[in-house]
Amino acid sequence: MDTMPTSEDLMASGCTAEQIRQFAACRCTAEKLRFLQRHREELLDSIHEQERQISTLDYLAHQMTKGSE
């Protein structure tokens, strides 16, 4: 039995109201699965960008500490 995500499920996964409307407009399960995969990829891209930013901050703090010794 296939169960479809609810609006609450989609909100919990970080979907906006517009994305939830787009998901609801998908005509078949395969299209809905592609939508979920794209959203997952977008979330991972965001995480990776934040990891790069954290690494840059760590580097800057290290350079400041190293420079003040």
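The values are calculated or read from the model by the stated rules, or taken from the named source; none is laboratory data. No experiment lies behind these values; they were computed from the predicted model shown. Cβ: placed from backbone, ideal geometry, glycine included. Neighbour counts: every protein chain shown.
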Take the residues in segment 22-69 that are surrounded by fewer than 10 Cβ atoms within 10 Å (Cβ to Cβ) and not in a helix (DSSP H, G or I), then tell me which one is farthest from the chain's Cα centre (by Cα). Glu69
Tabulated pairs, segment 14-41, first modelled with pLDDT of 95 or more, second among the polar types (S, T, N, Q), C-beta under 7 angstrom, 6+ apart or interchain: Ile20/Ser7; Phe35/Gln22; His39/Ser13; His39/Gln19
Per the list (1) modelled with pLDDT under 95; (2) touching a helix residue (DSSP H, G or I) at 6+ places or on another chain (Cβ under 8 Å); (3) not small (Gly, Ala, Ser), residue check on Thr3 breaks on (2)
I'd like the full set of residues that are assigned to a helix (DSSP H, G or I), loosely packed, with under 12 Cβ neighbours inside 10 Å and over 15 Å from the mean Cα position of the chain (by Cα), limited to segment 1-16. Glu8
